[in-house]
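The values are calculated or read from the model by the stated rules, or taken from the named source; none is laboratory data. Because the structure is predicted, anything quoted here is derived from the model rather than measured. In this analysis, Cβ positions are derived from the backbone assuming ideal geometry, glycine residues included, and neighbour counts consider all displayed protein chains. Only protein heavy atoms, including side chains, enter the accessible area calculation; ligands, DNA and RNA are left aside. Shrake-Rupley method; radii C 1.70, N 1.55, O 1.52, S 1.80 Å.
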Amino acid sequence: MDWSYFFELSLGGLTRGSIYAMIALGYTMVYGIIELINFAHGEIYMIGAFTALIVASVLGIYGFPAFAILLIAAAVAVIYCSAYGYTMEKVAYKPLRNAGRLSPLISAIGMSLFLQNYVILAQTSDFLPFPALIPEFDFLEPIAHIFGSSDFVIVIASALCMAGLTLFIKFTKMGKAMRATAQNRKMAMLLGINADRVISITFIIGSSLAAMGGVLIASHVGQVNFMIGFIAGVKAFTAAVLGGIGSIPGAMLGGLFLGLAESYATGYISSDYEDVFAFTLLVVFLIFRPSGIMGKAPVEKV
């Protein structure tokens with residue numbers, strides 16, 4: 001066995017899985033609170049990438065240094081996409097909160113299609129080049145051919161975001177309110193928790209993470225397109241299901257698991273079957289472990 005090749009695939013899978021995990025967190029947080037699959041979440045990721053491209057283009061004209069452009073573009077994308085997430089929840093989901101499960105699902109799909117076509121009209125349907133904003137780090141030079149500076153920034157930024165979210169959920173007052181609302185929304189409201197505010201903040205946090213992922217992957221790949229949100233969104237949803245939909249640690253683990261599995265399948269089998277392998281993995285989990293890696297099986301009350 002070629003261990004250097006295995007190591008290369010592992011690092012590539014770690015980069016890919018980190019992005020999946022960041023997007024999957026948005027899916028699993030929203031589902032944990034209101035039991036809704038927000039299929040427009042991938043489009044927030046895409047809008048984050050386009051927002052960063054616009055900001056980077058403007059700042060580049062004024063001669064800002066590359067890494068400063070990346071930080072400012074990421075901050076603007078996070079704020080902009082947070083506003084999108086908040087507005088989307090108020091417009092598309094809140095009016096249907098007490099409706100049947102099918103109505104919010106159709107609304108989510110409609111919002112996804114709306115945002116895709118909005119970007120096509122506002123920007124373009126073609127691929128656009130994204131500037132390389134991440135500088136080369138000297139300490140990565142020995143392994144730069146398999147793990148570059150953009151890979152390193154993606155992994156570190158993803159780890160910090162996930163660690164920060166974990167601490168927020170576990171120790172802050174709002175985090176405790178989110179956990180209480182996820183456990184029993186009606187009881188949480190009876191205890192004085194503003195469930196509408198908790199749901200809005202959940203959408204804001206999920207959209208922020210998606211925007212950060214969009215900025216990082218656009219800088220890594222070097223191009224953006226209106227369809228990148230759909231592809232990444234479906235993969236991240238798969239990761240959330242693999243880890244256990246509704247479980248935040250499960251979303252992180254599921255994203256890394258899917259990224260590594262795709263990387264190994266691409267390297268040892270064929271890149272042509274990358275998507276097939278991912279969704280085959282999803283089907284296998286849904287058949288043999290529908291609750292996911294860290295999800296809990298539903299308890300039937302008698």
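Values for this structure:
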| quantity | calculated |
| --- | --- |
| Förster-model FRET efficiency, 30 Å R0, TYR264 and LYS94, C-beta, rounded to 0.05 | 0.10 |
| Backbone N within the stretch 198-227 under 20 Å of label point (7 Å from LEU160 Cα along the Cβ vector) | 205-221 |
| Selection from LEU96, ALA40, VAL119, by position along the positive dipole direction of the stretch 11-288 (Cβ) | LEU96 |
| Protein-only accessible surface order, largest first, of MET212, MET162 at 1.4 Å | MET212, MET162 |
| Nearest-10 value in Å² for the accessible area of LYS94, using the 1.4 Å probe | 80 Å² |
| For the stretch 1-89: rounded, prolate or oblate by the Cα gyration tensor [a/c cutoff 1.5] | oblate |
| Residue order for LYS90, LYS176 - accessible surface, 1.4 angstrom probe, largest first | LYS176, LYS90 |
| FRET efficiency for ALA144 and SER271, using Cβ-Cβ distance with R0 set to 22 Å, rounded to 0.05 | 0.50 |
| Accessible surface, the chain, averaged per residue in Å² (probe 1.4 Å) | 50 Å² |
| Peptides 46-56, 103-113, 216-226, 23-33 ordered by average Cβ neighbours within 10 Å, highest first | 23-33, 46-56, 216-226, 103-113 |
| FRET efficiency, 1/(1 + (r/R0)^6) with R0 30 Å, evaluated for PHE171 and ALA68 via beta carbons | 0.40 |
| Kyte-Doolittle at least 1.0, axis length at least 20 Å by Cα - qualifying DSSP helices, the chain | 41-61, 66-88, 102-122, 149-171, 195-221, 228-243, 274-288 |
| Taking the chain and dividing mean pair separation by its residue count, relative contact order in percent (alpha carbons under 8 Å, at least six apart) | 36 percent |
| Nearest-10 value in Å² for the accessible area of ASP272, using the 1.4 Å probe | 130 Å² |
